[in-house]
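**Student:** Please find one structure pasted underneath; my questions will follow.
Since every read-out is calculated from the coordinates, none of them should be taken as a lab result. The model shown is predicted, which means the values in this text are computed figures rather than measured ones. Here Cβ is always computed from backbone atoms with ideal geometry, including for glycine, and neighbour counts include all displayed protein chains.
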Amino acid sequence: MERSSGILLHITSLPSPYGIGDLGPCAHAMADFLDSAGQKRWQVLPVNPTDGINGHSPYSCFSAFAGNPLLISPRQMVLDGFLAQSDLRNVPAFEKTSVDYARVVAFKDKVFDTAFERWKKNGAREDYDNFCFTSRQWLDDYAAFVVAKRVFHGKCWNEWPLDLRRRRPRALAQFAKAHAAAIQRQKFIQYLFQGQWHKFKIYANSRGISIIGDISIYVNYDSADAWCYPQFFKLDARGCMKFVSGCPPDYFSKTGQRWGNPVYDWANLKKENYSWWQRRIGHNLYLFDYLRIDHFRGFLSYWQIPAHERFAVFGRWVKGPGDTFFKSLLAKFGELPLIAEDLGEITPDVPALMRRFKFSGMRVLLFAFGGHLKTNPHVPANYPAHCVVYTGTHDNNTIQGWYHTEANPGEKANLTKVLGRFTPRDLHWTMIRALMKSKADTVILSLADVLGLREGARMNTPATKSDNWKWRVDEKMLKPAVARKLLQLTRGSRRA
């Protein structure tokens, strides 16, 4: 990446009259705002369909390929002819700064029903048919999976009738025939998502803004991916998980975290030249300009917990695929515009691999004020040029929230040593300025930090399952004065 800066803001956090941020005019308006502020990057969280079990976490999805229907814009559907303006006369009065997922899901289901019925009667089919053909490797199975989840009252795929859960061809064909209309509806929804994403990305790129996507290294057990490719995961003969993912004790949790995803059977993946992962990376390179891979160290070693254990501390490190995996990707794609999430406990083989493949690592300023400042990698004076630096990630508190509710006396004492003079009221701008002036080639600022918001704007608190992923920005806060101040800092640090 060239010397640049941008923001971290998930699509769900955008302003919108429909209860959740979406890919329509509000996303285009944010691209305009970033352009006016001199920003070149926009990083989002995973855009796959959330399962709703973990508070609609974008890191808990039931497909590694499909798009999240909740991100589809009703307004854009009107502009594209899938809805009439009259179809949006009775929009519920949603909250402006928080997502009520249950109400949003109910509202958008009705909107999709209306659009689907209209499209079946009058809609053009050529683009839809082309989308279904080019996406057939994942779309058919995904649509059948979603419909089966509803038919079997939300049960996990491992509790479906035996022939269907084992994907016997006759059972799959019979199910597809019996539920043809419902399966087509799911494909239609994905067609809408793909069209709106394409328009959004083209618009952002036309404003000089690259989109940084985010890939969660793991997928859910109850997902179309595990149902379709059980051989790529460590499952037993009945299809049950033998081991689950997680991490040992760290900054966010003293007892570690039990994420609960199935871990990969890398030996089986290697036998097929990592074909599933190649398709996944290729799909995401189509959606995004750059990819951040969450929990990157999992490709070298990963924390494997016996499925029957309730606590992460009973896990152990297991060797991952390492170089062979990334060599297969390079052979397929020629280049890999990847950002490696290399935070937490990192062994020397991780930065060594990153150097070999020229992947950018991450630094987080909120981690800069503890330990020995001369060796702390998150202190701006210690940044290498080839890295992506953040005020905080989606898992951190905001700067102001951290200062007022989390920072201990030692960390507060180190603020002046790292940043120089500051006032608590303007601490977020002092931190932003420090990142902008650093030699790191890429700076990513949480929009909540640019706006100086407190803990209420936090996106996620790790190891908790309530009140996460709900924050939305109030469009009244996106004032021209904020853009001008950010533009001035960006130009002054030669990032515009």
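**Student:** Scan around Ser98 for amide H atoms under 5 Å from its own, H built in the peptide plane at 1.01 Å from N, and keep only partners 5 or more places away or cross-chain.
**Tutor:** Arg472
**Student:** Go through segment 208-222 residue by residue and turn each phi into a ³J(HN,Hα) via Karplus (6.51, -1.76, 1.60, θ = phi - 60°); whole Hz please, and just put x for glycine and proline.
**Tutor:** x, 10, 8, 9, 9, x, 9, 10, 6, 4, 9, 10, 6, 5, 7
**Student:** When semi-axes √(5λ) of the Cα gyration tensor in Å is calculated directly from the model, which label among (1) 47, 28, 19; (2) 36, 29, 21; (3) 42, 22, 21 fits?
**Tutor:** So the calculated entry is the one marked (2).
**Student:** Within 10 Å, count the other beta carbons around each residue, average over each peptide in 431-442, 19-30, and list them highest first.
**Tutor:** Averaged packing, sorted descending, gives the order 19-30, 431-442.
**Student:** Give the peptides 45-56, 79-90 in descending order of average Cβ contacts within 10 Å, highest first.
**Tutor:** Taking the mean over residues of other Cβ atoms within 10 Å, the ranking is 45-56, 79-90.
**Student:** Can you run phi through the Karplus equation (6.51, -1.76, 1.60; θ = phi - 60°) for segment 227-235 and list ³J(HN,Hα) in whole Hz, with x for Gly and Pro?
**Tutor:** Rounded to whole hertz, the list is 5, 7, 10, x, 5, 8, 10, 7, 10.
**Student:** Follow-up question, since we're still on this one. Obtain the nm distance between the two label points defined at Phe133 and Ala352 by a simple spin-label model: each point lies 7 Å from its Cα along the Cα-to-C-beta direction.
**Tutor:** Placing both labels 7 Å beyond Cα along the Cβ direction yields 4.9 nm.
**Student:** Take peptides 358-368, 102-112 and line them up by average Cβ neighbours within 10 Å, highest first, as a rough protection proxy.
**Tutor:** Going from most to least packed, we get 358-368, 102-112.
**Student:** Then there is this: Sequence neighbours fewer than 8 away in the same chain don't count; with that in mind, list the aspartates and glutamates whose C-alpha is under 19 Å from Lys412.
**Tutor:** Asp426, Asp449, Glu455
**Student:** For segment 4-492, give me the percentage of DSSP beta bridges that are antiparallel, rounded to the nearest 5 percent.
**Tutor:** Antiparallel bridges make up about 35 percent of those DSSP assigns within segment 4-492.
**Student:** Taking amide H positions as placed in the peptide plane 1.01 Å from N, state which residues far from Arg292 in sequence (5 or more) or on other chains have amide H under 5 Å from it.
**Tutor:** Residues meeting the criterion, in which the H sits 1.01 Å from N, are Gly213, Asp214, Ile215, Ile339.
**Student:** Please list the non-local residues whose amide H lies under 5 Å from the amide H of Val388, H modeled 1.01 Å from N, same-chain partners needing a gap of 5 or more.
**Tutor:** Counting only residues 5 or more places away or on other chains, the set is Gly361, Met362, Arg363.
**Student:** If Lys and Arg each add +1 and Asp and Glu each add -1, what is the summed charge of the other residues whose beta carbon sits under 11 Å from the beta carbon of Asn460?
**Tutor:** For residues surrounding Asn460, the net value is +1.
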